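**Q** Structure in structure tokens, see below.
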Amino acid sequence: MARKHQETTSPVLAPAVEAARDQAKTRREETKSAAFFSIYVNDVQVQTSSWDLRLILGEIGDTSTVDDTAVVNVKQLGEMRLSPQLAKKLVQIMAEQLKAYEEQFGEIPGAKD
């Protein structure tokens, strides 16, 4: 049985936009930059500082063996830096989206550490 793909988005609003929305009626308009791109990642490294969080996005490639040690080759594709406030909001939105996904399609199996 084929699953119907349903794409949902939950925009993460900058604090200034959230404040404006709370104070008055606000409409959101989106346009894509000429530099817009889409990538697939299956590896994320997280780095933090007192100012921001950095997500280094990568794609896992081949596994090789060097001196009897397995080596996973990860191609770093880019990074995303965001404020701690935005990161916290993003975590909340992602948790909501994952819950909705599991309600529609079933539980997502846990990743093996």
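**Q** Only Cα pairs under 8 Å and at least 6 apart count here; give the relative contact order of region 40-105 as a rounded whole percent.
**A** Answer for region 40-105 is 26 percent.
**Q** Then there's this: Please list, or write none, the lysines whose alpha carbon is within less than 20 Å of the alpha carbon of LYS89, excluding same-chain residues fewer than 8 places away.
**A** Of all the lysines, those that pass the test against LYS89 - Cα under 20 Å, at least 8 places apart if same chain - are LYS99.
**Q** Return one quarter of the surface area of the convex hull spanned by the alpha-carbon atoms of region 40-105, equal to its mean projected area, in nm².
**A** With the hull built on Cα positions only, its mean projection is 6.6 nm².
**Q** For PRO84, what charge total do you get from the other residues with a beta carbon under 13 Å from its beta carbon, if Lys and Arg give +1 and Asp and Glu give -1?
**A** Summing Lys/Arg as +1 and Asp/Glu as -1 gives +3.
Here, each number is a calculation from the coordinates, and none is a lab measurement. Values in this document were obtained by computation on a predicted structure and should not be read as measured data. Positions of Cβ are generated from backbone atoms using ideal geometry, with glycine treated the same way; all protein chains shown enter the neighbour counts.
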